[in-house]
Structures are given as structure tokens and as C-alpha cells.
Amino acid sequence: MDAESLLLSLELASGSGQGLSPDRRASLLTSLLLVKRDYRYDRVLFWGRILGIVADYYIAQGLSEDQLAPRKTLYSLNCTDWSLLPPATEEMVAQIAMVKGRFMGDPSHEYEHTELQKVNEGDKVFEEEVVVQVKEETRLVSIIDQIDKAVAIIPRGALFKTPFGPTNVNRTFEGLSLSEAKKLSSYFHFREAVDLKNKTLLEKADLDPSLDFMDSLEHDIPKGSWSIQMERGNALVVLRSLLWPGLTFYHAPRTKNYGYIYVGTGEKNLDLPFML
């Protein structure tokens, strides 16, 4: 959700129980404006909150003029002081694959798990148990990256791609119609396309290259991983992810108001395919 319309956005997303106390809202309003100024971002999004046992992580993201360029992620424990997180790497994702359970709320906390590694001694090869330590900050970076790639979404038409490459905010976007807002095909993943590149020219024939340049939600696997509900007398459409419980997307049809927020424990619902 855009930091500049934070109060309205929190109000629209409040149907899922994702609220903040008045003092947290006030702190976010001022601190995110300072983040935008100090880091010189084009836009700042309040990404959400990852719930920890000792403390919660409040997450914000800075966007450049090219909306699909890699986003800069910051976290705060008090909604006032923000720290920049490093970009996620494949090595980080592999490191945290064995880490389970809740976040602690302390970035310096270290998780420990044992791994079997092959050791060569002369002609002999044997397996040895090695204790691997992973910092919580590394886990935080990886989980945010996974959630972004899987369930960060945006309505069709909110962004447009110029012939020269960069992706910009569509200033003429006036919201989806009520009938379009009820379809999964009207929403895209807020990242570079992955599945679209594998489509044939015949499948791409009806697509508008300036608007349909991201992957649609209708082809997500497993099918049924999204819940669409109309609220407030059809004045608000709410999408909730069943794969990453806690991710809520909202859009008021025929208006420019849309956004998503994640409030959860940072744990993926691995049982979803067996629940559908």
C-alpha cells in the first residue's frame, strides 16, 4: 500500500483484521515520508508486518521510476528507525530452507540446524554432521522475497510499459469495473513475467503489450489458492492468499484505490494442495 495514502489504505484493508494502533500509524506516516526523501525513492510502499515472538518487523519498500526494477526493502522494529536489507540471493533461500517456526523478532538471533556434508579423507568419502547457523535477518530477506514473487499483486492497467522498456505508473488508471474486479484474470503478479515468456504467439495474440506484460493470477498453481470476496455492498473487492496466509489485496472498483498488505508469521501454507 502506498505510504502517501496510508490511512485510507489501512481502512480499506481493515476487514481482514490488519490494523495498527494510532501511535504506530502516526509514526509510519512521518517516518515513511522521511524514508522517501532521504533515499530518494519515487514511491514508498508499506509492505506489512511479520509477527515475531519478542517483537514484530514492520516492512517498507522503496520503488524507483521503473516500477518493476528491483525494490529496496527496509525494516523497523518501532516504525521510526528504518534499516536497509540486502537483496535476496539464491544462496540465502537455500540457507533458510531448513528453518521452521516463528520469527523471534531479533535480527541478530541465530537459528541452528545440522546438515550432512560429504568429507574426503584420502580415498575415503564419508558424511559428517555439521552445525549450520543462519541469522534471522537472512531469513527475513528470503521470506519477503518469496512472498513478493508469489503473491504481491496489482490490478490490470495500473502500470504500463513504454516502448523503450521502463514500466511506469498509469496516471489514467481509473480502477477496474465491477465485473472485471470479480475475475482473477484482472490481476497480475507485481514482478517481471515468468510464465508469459513460455506462451505461444497465438496465446499472446489478444494481449495488449503495454498492459499485459505480467503474469496473470488465473494460472497460479495450485488452482484455488486465491479467495475473492466483495465487501461493503460491492464497493470493495478483497483477494486473500491461501498459500501465504496473511496477504490481503484490496481494490475499490472504479477508483484508483488499491494495494496489498501482509500481516502474518512469515510461514507458507505447505498443506494447501491437500486442503483444496
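The values are calculated or read from the model by the stated rules, or taken from the named source; none is laboratory data. Since the model is a prediction, treat every value here as computed from it, not as a measurement. Counting neighbours? That spans all protein chains shown, and the Cβs are built from the backbone with ideal geometry, glycine included. All accessible areas refer to the heavy atoms of the entire protein, side chains included, with ligands and DNA or RNA removed. Shrake-Rupley method; radii C 1.70, N 1.55, O 1.52, S 1.80 Å.
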Inset, instruction - Kindly provide the set of residues from the stretch 265-276 that are more than 16 Å from residue 149 (Cα to Cα) and either surrounded by 20 or more Cβ atoms within 10 Å (Cβ to Cβ) or β-branched (Val, Ile, Thr) (or both), ordered by number. - result: 265
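Here is a yes/no grid of residues against (1) modelled with pLDDT of 85 or more; (2) out of contact with any strand residue (DSSP E or B) (no Cβ under 8 Å at 6 or more places or on another chain); (3) open to solvent by less than 50 Å² (accessible area, probe 1.4 Å):
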position	(1), (2), (3)
149	yes, no, no
152	yes, no, yes
156	yes, no, no
160	no, no, no
164	no, yes, no
167	no, no, yes
179	yes, yes, no
188	yes, no, yes
194	no, yes, no
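Would you tally the residues in the stretch 36-54 being in contact with a strand residue (DSSP E or B) (Cβ under 8 Å, 6 or more places away or on another chain) and within 25 Å of residue 103 (Cα to Cα)? It would help to see each step written out before you state the result.
Here is the first cut: in the stretch 36-54, the ones in contact with a strand residue (DSSP E or B) (Cβ under 8 Å, 6 or more places away or on another chain) are 36, 39, 41-53.
With within 25 Å of residue 103 (Cα to Cα) added as a condition, the list becomes 44-53.
Residues that pass the stated criteria total 10.
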Legend entry - Residues located in the stretch 211-231, provided they are open to solvent by 40 Å² or more (accessible area, probe 1.4 Å) and either among the hydrophobic types (A, V, I, L, M, F, W, C) or touching a residue at least 40 places away in the same chain (Cβ under 8 Å) (or both): 221, 223, 224, 228, 230, 231
Inset, instruction - Working carefully through the options 85, 7, find the one that is in contact with a Leu (Cβ under 8 Å, 6 or more places away or on another chain) and open to solvent by 70 Å² or more (accessible area, probe 1.4 Å). - result: 7
Legend entry - Any chance residue 140 is touching a residue at least 40 places away in the same chain (Cβ under 8 Å), surrounded by 13 or more Cβ atoms within 10 Å (Cβ to Cβ), over 26 Å from residue 54 (Cβ atoms) and aliphatic (A, V, I, L, M): no
Inset, instruction - Determine if the stretch 110-121 includes at least one residue that is farther than 21 Å from residue 2 by Cβ, in contact (Cβ under 8 Å) with a residue 40 or more places away in the chain and open to solvent by 10 Å² or more (accessible area, probe 1.4 Å). - result: no
